[in-house]
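K.L.:
One structure is given below, represented as structure tokens, and several questions about it will come after.
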Amino acid sequence: MNKGIVRPLHPDDLEAILEIERVSFATPWSIEAFKAELKDNEYARYLCLELEGQVIGYMGLWFILDEGHITNIAITPNHRGQHWGEFLMRSVMGKMLEQGMERMTLEVRVSNSPAQSLYKRLGFVIAGVRKGYYADTGEDAMIMWAELGRKVNVT
């Protein structure tokens, strides 16, 4: 596997991020939503996964005190199943640990077994369910938490 680079999202990356959103989610975020996150949300951090000069994935997080909340994560369809999602997650978890973060959380569709398997492999545990969380389908979300540096080797 070639070496990917995880770096902060730049405004120039928005076009690539929007395309990843469009092909990944039934209800993709708009450019306005991303711009608002980047400009107005002091807690928001967005990172890109770049491979050979091309953005192939990204992750959005909110850093609140010593916790990180993953707002969104996606990999381009032609790079899925090649462990790039895991690479991105491990890289971000390592960066969070370096910055003093202790925990991270996310919501995942109850039907998204591949993502759940990845998160469990990375030390996330199910902490509850948000009923009807996804507005597009009314699907429930599983709430998952990970204790950074304790249950998973992030290097």
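K.L.:
If you scan region 81-102, which residues turn out to be touching a residue at least 12 places away in the same chain (Cβ under 8 Å) and more than 18 Å from Leu47 (Cβ to Cβ)?
P.N.:
Listed by number, the residues that qualify are Gln82, Glu102.
K.L.:
Being among the β-branched types (Val, Ile, Thr), without any contact (Cβ under 8 Å) to a residue 24 or more places away in the chain and on the phi < 0 side of the Ramachandran plot is the requirement here; does Ile75 meet it?
P.N.:
So Ile75 does not fit the description; no.
K.L.:
For Lys35, which of the numbered conditions (1) over 16 Å from the mean Cα position of the chain (by Cα); (2) buried (at least 17 other Cβ atoms within 10 Å of the Cβ) fails to hold?
P.N.:
(2)
K.L.:
Looking at region 127-155, which of the residues that are of a type in the set (Val, Ile, Thr) and at pLDDT below 95 is surrounded by the fewest Cβ atoms within 10 Å (Cβ to Cβ)?
P.N.:
Among those that are of a type in the set (Val, Ile, Thr) and at pLDDT below 95, it is Thr155.
K.L.:
Still on this structure, I have one more. Does any residue of region 106-117 turn out to be of a type in the set (D, E, K, R), crowded, with 16+ Cβ neighbours inside 10 Å, under 13 Å from the mean Cα position of the chain (by Cα) and over 24 Å from Ile5 (Cβ atoms)?
P.N.:
Within region 106-117, one or more residues are of a type in the set (D, E, K, R), crowded, with 16+ Cβ neighbours inside 10 Å, under 13 Å from the mean Cα position of the chain (by Cα) and over 24 Å from Ile5 (Cβ atoms).
The values are calculated or read from the model by the stated rules, or taken from the named source; none is laboratory data. Because the structure is a prediction, the values reported are computed rather than measured. Virtual Cβ from ideal backbone geometry, glycine too; neighbours counted across all protein chains shown.
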